[in-house]
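See structure below.
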Amino acid sequence: MELTSLKDAFIGLDLGGTFLKYALGTADGTIFYKNKIPSNAKKGGAAIFSAMFAAVADLLKQAESSNLKVKAIGCGSPGAVDFDRGKIIGNTPNLRDWADADIRGRLSSRFHLPVWADNDANLMALAECRYGAAKGYRYVIALTLGTGIGGGIFIGDELYRGARFAGSEIGHMSIKYDGIPCNCGGIGCIEAYASAPAMVKSYIEKLSRSDLPIPKTVNTELVFAQAQQGQMEAISVIDETCHYLGAAIGNVVNIFNPEIIVIGGGVADAGDQFIAQIWQQTQKYAMAAALRGVKLVRAQLGNNAGMIGAIALAADYYKLSAAKQQE
Ligand SMILES: [Zn+2]
């Protein structure tokens, strides 16, 4: 079997609660084509697989017209993913009927290509380590702030998945032992306090206690915009969010003593002031020795990180398996 050459390409799928993002790229991180379609998350497993099949078919057609040969598929999904088998473990709250979905089995039998699947936050972390904000670092914590809070952990260049592939769920670290219940079944998780929906909920509660009207559409962009204008309710939501995140990240720093922490996801787009405020809080919770030299930075690859990470995963493991077969 030949090893990867320039013409070899890889497919990256990034499954989310709203969109399935997909791209065609090479092992060096170049993206040739990308697109997104509804992920059908609320319609259930069969519809989600239909979206995936359509995405891969589109990419194979694109590859053919660009003289690229697709060698493997990488796929990121929310939830715990059995990396050895390419299958979801148990339920995922935002995807209906996605329990135990056999991503590798379904995609490889249809397209006759090798398939690797991993947790979406792990792939965002992989992309940022390889091509983005954490390039060149070996001890990395990545957090995605959005509808949920995802985590990815690199220890000495290696993605840490846990003994049964369910680790690195930083979003489900409890920061209040008697706090509010979380979607995961836990209590007081950072996701229940500092995710985008949690910020929105807290903002609406604060508005309803004030004389201010509650706008029809409230999202985190609005909260940040109002804070910029000096509105106390919005400022206090952001202060609290940074405080929660700082406490969680401080714990993570104490446990992992990373070199760098990368914050991505939609909420991180709020800007550098937000990141600086999280860092200020983090310093209150982390021990001096663990905190020394640590950097807290914004992710660089934005919305593309999941797809780029999925392509990198497919390229890495394709090369590994090709090398193994040559031995
Ligand atoms: Zn939780």
> How about Lys43: which aspartates and glutamates have a C-alpha closer than 15 Å to its C-alpha, ignoring those fewer than 8 places off in the same chain?
Replying inline: Asp97
> Which pairs in the list Lys36/Lys216; Lys21/Lys295; Lys176/Lys284; Lys206/Lys284; Lys61/Lys87 are over 19 Å apart, alpha-carbon to alpha-carbon?
Replying inline: Lys36/Lys216; Lys21/Lys295; Lys206/Lys284; Lys61/Lys87
> What is the set of long-range amide H partners of Gly79 at a cut-off below 5 Å, with H atoms built 1.01 Å from backbone N?
Replying inline: Asp120
> What percent antiparallel are the DSSP beta bridges of segment 134-300, to the nearest 5?
Replying inline: 55 percent
>> Between segment 268-327 and segment 200-246, what is the separation of their alpha carbon centroids in Å?
In response: 28 Å
>> Quick check: pseudo-label points 7 Å beyond the Cα along Cα→Cβ at Arg96 and Ile180, how many nm apart are they?
In response: 2.5 nm
> To the nearest 10 degrees, how steep is helix 45-65 against the longest Cα principal axis of the chain, on a 0 to 90 scale?
Replying inline: 60 degrees
>> I'd like the antiparallel share, as a percent to the nearest 5, of DSSP beta bridges with both residues in segment 40-193.
In response: 70 percent
> By how many nm would the segment from Lys319 to Met232 grow when fully extended, if each residue of separation counts as 0.36 nm and the alpha-carbon distance is taken off?
Replying inline: 25.9 nm
> With each run of n ≥ 4 DSSP H residues scored as -39500 (n - 2.57), what mean residue ellipticity at 222 nm is computed for the chain after dividing by its residue count and rounding to the nearest 500 deg cm²/dmol?
Replying inline: -13000 deg cm²/dmol
>> Given contacts defined as C-alpha pairs under 8 Å and at least six residues apart, what's the relative contact order of segment 1-74, whole-number percent?
In response: 36 percent
> Which order do peptides 237-246, 129-138 fall in by mean Cβ count within 10 Å, highest first?
Replying inline: 237-246, 129-138
> Of Gly76, Phe19, Ala9, which is farthest on the positive side of the dipole of segment 1-104, counting Cα position, with +1 on Lys and Arg Cβ, -1 on Asp and Glu Cβ, and the Cα centre as origin?
Replying inline: Phe19
>> Suppose R0 equals 25 Å. What FRET efficiency, 1/(1 + (r/R0)^6) with r the Cβ-Cβ distance, do Ala54 and Glu240 give to the nearest 0.05?
In response: 0.05
> Rounded to the nearest 5, what is the percent of antiparallel bridges among the DSSP beta bridges in the chain?
Replying inline: 55 percent
>> For segment 51-84 and segment 103-140, what is the centre-to-centre distance using only Cα atoms, to the nearest Å?
In response: 11 Å
> Which of Arg161, Arg292 comes first, and how do the rest follow, when ranked by fewest Cβ neighbours within 10 Å?
Replying inline: Arg292, Arg161
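Computed from the coordinates by the stated procedures, all read-outs in this text should not be read as laboratory data. The structure presented is a predicted model; accordingly, all values stated were derived computationally and were not measured. Positions of Cβ are generated from backbone atoms using ideal geometry, with glycine treated the same way; all protein chains shown enter the neighbour counts.
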